[in-house]
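Accompanying notes for the structure given below.
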Amino acid sequence: MAQDYDIHTDEKFGSLTLIDIAAEAAAHEPWFNQTLTAVNDSVVRLGVLEGDFHWHKHDADDEFFYVIEGRFLIDLEDRTVTLEPRQGFVVPRGVVHRTRAPGRTPIVMVEAARVVPTGD
């Protein structure tokens, strides 16, 4: 990997807790990834990203990305999907992908709790 990733898979907030996502995002520099909370068998993660992540896939699980602010690119083998603020996209299980953020971009991800953020 070309850069360090600051990834935290511990659940920071439990149920019945207000989560100020904007404040959480403002408190961190790129490449930061924190599991905010769990919902059933899934987790909601905050990412503060800038630059390129590596190519990877998740063999058993889908991954949902939602852009809070900035611009987020998802490279697939046959195309690139560009997400602007308040847009989301699902990468299905088994699909090789790479994510990129041209500038500082906070995002929310929803995925199975067992997903390893760096890929299988």
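The values are calculated or read from the model by the stated rules, or taken from the named source; none is laboratory data. The structure displayed is predicted, hence computed values, not measured ones. A quick note on method: Cβ atoms are made from the backbone with ideal geometry, for glycine too, and the neighbour counts reach across all protein chains shown. The protein model used for the area step is the full one, side chains on, heavy atoms only, and it has no ligands, DNA or RNA in it. Shrake-Rupley method; radii C 1.70, N 1.55, O 1.52, S 1.80 Å.
Could you go through region 27-35 in sequence order and give the Karplus-derived ³J(HN,Hα) for each residue, using 6.51 cos²θ - 1.76 cosθ + 1.60 with θ = phi - 60°, rounded to whole Hz, and x for Gly and Pro?
In residue order, the calculated couplings are 7, 10, 9, x, 6, 10, 9, 9, 6 Hz.
Quick check: with the 1.4 Å probe, what order do D62, D75, D41 take by accessible area, largest first?
Ranked list, largest accessible area first: D41, D62, D75.
Which ³J(HN,Hα) values, rounded to whole Hz and listed in residue order, are derived for region 97-109 from phi using the Karplus coefficients 6.51, -1.76 and 1.60 in 6.51 cos²θ - 1.76 cosθ + 1.60 with θ = phi - 60°, glycine and proline given as x?
Going residue by residue, I get 8, 9, 10, 9, 9, x, x, 4, 9, x, 9, 10, 10 Hz, with x marking Gly and Pro.
Would you please classify the overall shape of region 1-116 from the alpha carbon gyration tensor, given that a ≥ b ≥ c denote the square roots of the eigenvalues, rounded means a/c under 1.5, and beyond that prolate means a/b larger than b/c while oblate covers the rest?
oblate
For region 64-120, rounded, prolate or oblate, judged on the Cα gyration tensor with a ≥ b ≥ c (square roots of eigenvalues), a/c < 1.5 rounded, else prolate if a/b > b/c?
oblate
Tabulate in residue order the Karplus-calculated ³J(HN,Hα) for region 55-71, using 6.51 cos²θ - 1.76 cosθ + 1.60 with θ = phi - 60°, rounded to whole Hz; enter x for Gly and Pro.
Values per residue, Gly and Pro as x: 5, 6, 8, 10, 4, 10, 9, 6, 9, 10, 10, 9, 8, 7, 8, x, 9 Hz.
Select from T35, A60, G88 the residue farthest towards the positive end of the dipole of the chain; place +1 on Cβ of Lys and Arg, -1 on Cβ of Asp and Glu, and compute about the Cα centre.
Positive-most Cα among the choices belongs to G88.
Loop only per DSSP, at most 11 neighbouring Cβ atoms within 10 Å: give me the trypsin sites (Lys or Arg not before Pro) in region 1-98, ordered by residue number.
Taking region 1-98 and a limit of 11 other Cβ atoms within 10 Å, the loop trypsin sites (Lys or Arg not before Pro) found are R79, R86.
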